[in-house]
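Working notes, beginning with the structure itself.
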């Protein structure tokens, strides 16, 4: 009986030591900005207060534009189900998205959101064609969502390797549309 207790104590201590070591190795390998909370923001004209934000004036070009297009396009277009909140909703057990994902792709623990990245190829992406469509529609401005809540930048991001230039389409989607 004493030997079982010793093994248990040994395993508990070894497990805690392993977790502690893994945590410190992980923390030391993360970018300083993630560890310290620094975001790389710069002081600007406005402060995060209502009084400061009340000073903002909408530019004339925006008021005159009348019609613009906002693009929501990313990895969530691969399953093409429900909406761009797919990556959140596949993990909410009582959501229809959870059930849909389970039925069409299997358990989330085996095929999660990250597994859609290689399938997001953008092989038919033609930014010149899109720009021409927007022009013909009368749009005066276009705002592509460079990074949605899924955290997958659609441009070459220096903060993460998980971006559209290094994975998936291997293209700077935002940059190509802006040229």
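The values are calculated or read from the model by the stated rules, or taken from the named source; none is laboratory data. No experiment lies behind these values; they were computed from the predicted model shown. Cβ sites come from the backbone with ideal geometry, for glycine too, and all protein chains shown count toward neighbours.
Residue count for the range 139-154, restricted to those that are assigned to a loop (DSSP other than H, G, I, E, B) and within 19 Å of the chain's Cα centre (by Cα): 8. Scan the range 47-67 and tell me whether some residue there is touching a strand residue (DSSP E or B) at 6+ places or on another chain (Cβ under 7 Å), assigned by TED's automatic domain parsing to the domain that holds residue 145 and modelled with pLDDT of 85 or more. Yes, there is a match, as at least one residue in the range 47-67 is touching a strand residue (DSSP E or B) at 6+ places or on another chain (Cβ under 7 Å), assigned by TED's automatic domain parsing to the domain that holds residue 145 and modelled with pLDDT of 85 or more.
Of the residues 124, 136, which is surrounded by fewer than 13 Cβ atoms within 10 Å (Cβ to Cβ) and in a loop (DSSP other than H, G, I, E, B)? Steps first, please.
On the way: 136 fails: in a loop (DSSP other than H, G, I, E, B).
So the residue among 124, 136 that is surrounded by fewer than 13 Cβ atoms within 10 Å (Cβ to Cβ) and in a loop (DSSP other than H, G, I, E, B) is 124.
If only residues of the range 149-166 that are touching a residue at least 24 places away in the same chain (Cβ under 8 Å) and surrounded by fewer than 17 Cβ atoms within 10 Å (Cβ to Cβ) are counted, the one that is farthest from residue 114 (Cα to Cα) is 159.
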